[in-house]
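Every read-out reported here was derived from the displayed coordinates using simple, explicitly stated rules and does not represent laboratory data. These figures come from a predicted structure and were not determined experimentally. Backbone-built Cβ (ideal geometry, glycine too); neighbour counts: all protein chains shown.
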Amino acid sequence: MQHTHIDTNTSTHIAQAQKLASVLTTAGRTVALAGVVLPLFLIGILKFTAVEIEVLKPLISGTPWLAWLYPVFGEAGASYLLGVVEVIAALLLIASPWSARAAVVGGAIASAIFITTISIMLALPVWEVASGGFPWLDALGSFLIKDVAMLGVSLAVFAEGLTKLVNNGRQ
């Protein structure tokens with residue numbers, strides 16, 4: 001009899017642990033998605049302000065693969081373009097839990113945004129010279145390094161959307 005009681009107890013604990021894991025997974029995904037959506041949206045709308053247009057100047061003009069934006073769109077136009085892309089990506093990511101297509105497009109756009117911003121670290125100085133350089137990040141490096149995590153979340157959303165589309169296509 002006692003052996004059955006232990007098995008029932010163990011099964012109950014396993015079921016509770018699985019339920020907790022499911023709740024934590026959902027909470028983690030929600031927080032991770034919010035951690036990408038909020039900066040994209042808030043920084044995206046900031047791109048329509050004079051302050052952000054000024055802040056972007058050294059980043060865009062100092063990055064050879066982005067500098068073309070200024071001759072083509074102008075300083076304000078480049079900032080507005082980036083803002084529109086960021087806000088669209090944020091909105092698509094918001095819809096991604098319910099729409100596989102939104103997940104694919106939003107994940108792809110957000111991934112491209114974060115690959116681009118991370119790439120700025122290759123063109124501009126991001127190491128704190130006063131602290132001895134690498135691995136000490138300066139203010140720009142500290143601002144950009146977070147995009148590595150946001151790239152990871154964006155790639156995961158993109159991949160999950162692709163998986164849903166492929167699986168729905170097989171049904």
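Tabulated values for the structure
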| quantity | calculated |
| --- | --- |
| So ILE14, is it touching a residue at least 12 places away in the same chain (Cβ under 8 Å), more than 13 Å from the chain's Cα centre (by Cα), more than 18 Å from PHE158 (Cβ to Cβ) and in a helix (DSSP H, G or I) | no |
| Matching residues in the range 44-61 - criterion: being touching a residue at least 24 places away in the same chain (Cβ under 8 Å) and surrounded by 14 or more Cβ atoms within 10 Å (Cβ to Cβ) | GLY44, ILE45, LEU46, LYS47, PHE48, GLU52, ILE53, LEU56, LEU59 |
| Condition met for VAL84 (part of a helix (DSSP H, G or I) and in contact with a helix residue (DSSP H, G or I) (Cβ under 6 Å, 6 or more places away or on another chain)) | no |
| Criterion violated by LEU66 - all others in (1) out of contact with any Lys or Arg (no Cβ under 8 Å at 6 or more places or on another chain); (2) over 27 Å from VAL153 (Cα atoms); (3) surrounded by 14 or more Cβ atoms within 10 Å (Cβ to Cβ) satisfied | (2) |
| Residue in the range 106-118 that is farthest from VAL31 (Cα to Cα), counting only those that are out of contact with any Ser or Thr (no Cβ under 7 Å at 6 or more places or on another chain) and touching a residue at least 24 places away in the same chain (Cβ under 8 Å) | THR116 |
| Selection count, the range 92-104, where residues are in contact (Cβ under 8 Å) with a residue 40 or more places away in the chain and assigned to a helix (DSSP H, G or I) | 7 |
| Per-region count, the range 129-166, residues polar (S, T, N, Q), surrounded by fewer than 17 Cβ atoms within 10 Å (Cβ to Cβ) and in contact with a helix residue (DSSP H, G or I) (Cβ under 9 Å, 6 or more places away or on another chain) | 1 |
| Subset of the range 27-81 that is of a type outside the set (Ser, Thr, Tyr) and part of a loop (DSSP other than H, G, I, E, B) - its residue that is farthest from ALA123 (Cα to Cα) | PHE48 |
| Neighbours by Cβ (under 6 Å, 6+ apart or cross-chain): first from the range 156-168, over 19 Å from ALA112 (Cα atoms); second of a type outside the set (Val, Ile, Thr) and part of a helix (DSSP H, G or I) | LYS164/ALA100; LEU165/ALA100 |
